[in-house]
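Input: a single structure, listed below in structure tokens.
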Amino acid sequence: MPIISEKGLKMPASPIRKLVPYAEDAKKRGVNVIHLNIGQPDIKTPQVALDAVKNNTLEILEYSRSEGSEEYRTKLAEYYKKRDIDINPSEIIITTGGSEALMFTMGSITDPGDEIIIPEPFYANYNGFATASGVNVVPVVSKIDDNFALPPIEDFEKLITPKTKAIIICNPGNPTGYLYSREEIKKLAAIVKKHDLFLIADEVYREFAYDGAEHYSILQEEGLENNAIVVDSVSKRYSMCGARIGCMISRNKEIINTALKFAQARLSPPSFALIASEAALDTPQSYFDEVIEEYVERRDLLITELNKIEGVTVAKPQGAFYCIVKLPVENTDDFAQWLLEEFNLNGETVMVAPAAGFYSTPGIGYDQVRIAYVLKKENLVKAVTIIKEALKKYNA
């Protein structure tokens with residue numbers, strides 16, 4: 001039998017999606033599964049984006065430009081300018097989702113065996129992107145007791161070697177909801193300039209900052225023209241996860257020229273999704289004001305309810321729509337599967353994302369789960385009730 005590649009064998013399964021077969025089996029048994037495992041908002045996609053596709057009169061779906069249409073990139077640059085980020089359309093490459101932007105970035109700056117430092121827990125697919133690129137993830141542990149704040153800069157410096165190429169952050173964070181302060185960004189900027197590294201910021205949740213806090217982009221930091229690479233996406237901002245349109249941004253022309261070769265190899269991003277994404281930029285601020293208010297209410301309700309459960313610890317997110325929850329169990333992979341296979345409360349159960357997959361350090365996160373508060377408040381309350389009763393039975 002032909003042999004699977006070593007890289008393919010090492011490719012990690014998604015902790016967000018690996019339990020899907022168990023959820024589908026539960027549904028077939030008539031159990032209603034409340035999905036807290038995936039960041040698929042129930043917020044309506046802006047009507048202006050849907051109408052742009054619905055009312056389009058295209059007769060031929062042609063290839064778009066590999067870097068995305070001039071019109072969309074120009075309009076996108078205007079969007080950033082309103083947020084104190086001065087970017088030229090030529091410094092933007094449109095990608096098939098933020099995921100492709102991360103793949104293009106890793107392909108452009110790393111060679112097999114290189115290292116990238118990432119504060120953990122981090123978006124689980126960073127592990128997958130690194131594996132696919134032959135890159136080694138070097139984790140810096142942030143802790144739930146510190147609300148997942150940036151670890152001391154000394155912790156980063158200890159890990160820098162001749163093979164270190166970049167530091168990656170997600171801001172606001174998935175899975176923690178942590179929002180990096182301006183001061184923390186400046187500390188990271190100083191270290192990447194000192195050691196001549198890239199600073200990659202996944203900023204797909206930039207719109208979702210709470211409690212009066214403001215998102216500070218690495219593109220707002222002066223002196224990072226050669227170091228800064230931003231990954232962005234329409235998926236969460238406009239509740240358009242299925243559109244698969246993202247972008248990578250850098251003022252470093254060599255990075256953009258290199259990434260463009262990867263973009264040309266996959267030809268072009270999808271045309272209808274580009275049309276929808278361009279139209280979505282006309283979404284009024286009132287849309288975001290309402291969405292942010294809704295997420296704050298959901299976050300506060302979820303945390304209040306979780307804190308009522310004995311033995312549970314939850315970090316308070318300052319952005320995005322996720323939180324990490326420490327449960328009184330030894331292995332949340334087992335607990336999450338048990339929830340789907342063996343437990344229900346009045347015909348309902350809950351699907352969560354075990355958090356070990358959001359870490360790179362072995363043995364960490366096995367008592368944690370990620371919860372996405374992307375559901376209506378009544379469903380969040382119901383889900384926490386199910387978790388509370390499930391823990392009683394599981395630990396009995």
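A short reminder: the numbers here are calculations on the coordinates, not readings from a lab. It should be emphasised that the depicted structure is a prediction, and the values quoted were computed from it without experimental measurement. All Cβ positions, glycine included, derive from the backbone under ideal geometry; neighbour counts span all protein chains shown.
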Would you mind checking the radius of gyration and Dmax of the chain based on alpha-carbon positions, in Å?
-> 21.0, 63
Separation between the Val296 and Leu267 pseudo-spin-labels, each 7 Å from Cα along Cα→Cβ, expressed in nm?
-> 4.6 nm
What number, in percent, do you get for the relative contact order of the chain if the mean sequence gap of Cα pairs under 8 Å and at least 6 apart is divided by its residue count?
-> 25 percent
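What does the extension gain come out to for Ser286 and Gln47, with contour length at 0.36 nm per residue minus their alpha carbon separation?
Details: separation 239, 0.36 × 239 = 86.04 nm, distance 1.33 nm.
My answer for the length gained is 84.7 nm.
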Beta carbons within 10 angstrom, averaged per residue: use that to sort the peptides 198-209, 294-305, highest first.
-> 198-209, 294-305
Are there trypsin sites (Lys or Arg not before Pro) in segment 360-390 that DSSP puts in a loop and that have at most 12 other Cβ atoms within 10 Å, and which ones?
-> Lys376
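With Rg and the Kirkwood Rh both taken from Cα atoms, where does Rg over Rh land for segment 235-382?
1.06
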Any idea which of Ala209, Leu150, Phe129 is furthest toward the positive side of the dipole for segment 114-255, if Lys and Arg beta-carbons carry +1 and Asp and Glu beta-carbons -1?
-> Phe129
Long-range amide H partners of Gln40, meaning residues 5 or more apart or on another chain whose placed amide H is closer than 5 Å, are none
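Segment 76-148: percent of C-alpha pairs farther apart than 17 Å?
Numbers: 1517 of 2628 pairs.
When every Cα pair of segment 76-148 is considered, 58 percent fall beyond 17 Å.
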Charge dipole (debye, nearest 20) of segment 290-363; +1 at Cβ of Lys and Arg, -1 at Cβ of Asp and Glu = 300 debye
Quantify how much of the Cα-Cα distance distribution of segment 56-181 extends past 26 Å, in percent.
-> 38 percent
Report the charge-dipole magnitude of the chain in Debye, nearest 20, computed about the Cα centre from +1 at each Lys and Arg Cβ and -1 at each Asp and Glu Cβ.
-> 600 debye
Calculate the length of the line joining the C-alpha centroid of segment 10-28 to that of segment 359-396, in whole Å.
-> 16 Å
Mean-square fluctuation maximum in Gaussian network of the chain, Cα pairs under 10 Å, restricted to Lys82, Lys326, Lys308, hits Lys82
Give me the log10 of I(q) over I(0) for segment 131-227 at q = 0.14, 0.24 Å⁻¹, as the Debye formula computes it from C-alpha points; what are the numbers?
-> -0.54, -1.49
The farthest towards the positive end of the charge dipole of segment 225-302, of the residues Ala265, Asn252, Leu281, given +1 on Cβ of Lys and Arg and -1 on Cβ of Asp and Glu, is Ala265
Let me see the pair-distance distribution of segment 336-377: every alpha carbon pair, 5 Å bin width, integer percents in order.
-> 5, 20, 20, 21, 18, 10, 4, 1
Bins of 5 Å, starting at 0 and running to the largest distance - Cα pair percent for segment 200-309 | 2, 9, 15, 18, 18, 15, 10, 6, 4, 2, 0
Evaluate the distance, in nm, between pseudo-label points positioned 7 Å from the Cα of Lys393 and of Lys187 along their respective Cα→Cβ axes.
-> 4.4 nm
With +1 at each Lys and Arg Cβ and -1 at each Asp and Glu Cβ, the charge dipole magnitude of segment 352-396 around its Cα centre, to the nearest 20 debye, comes out at 200 debye
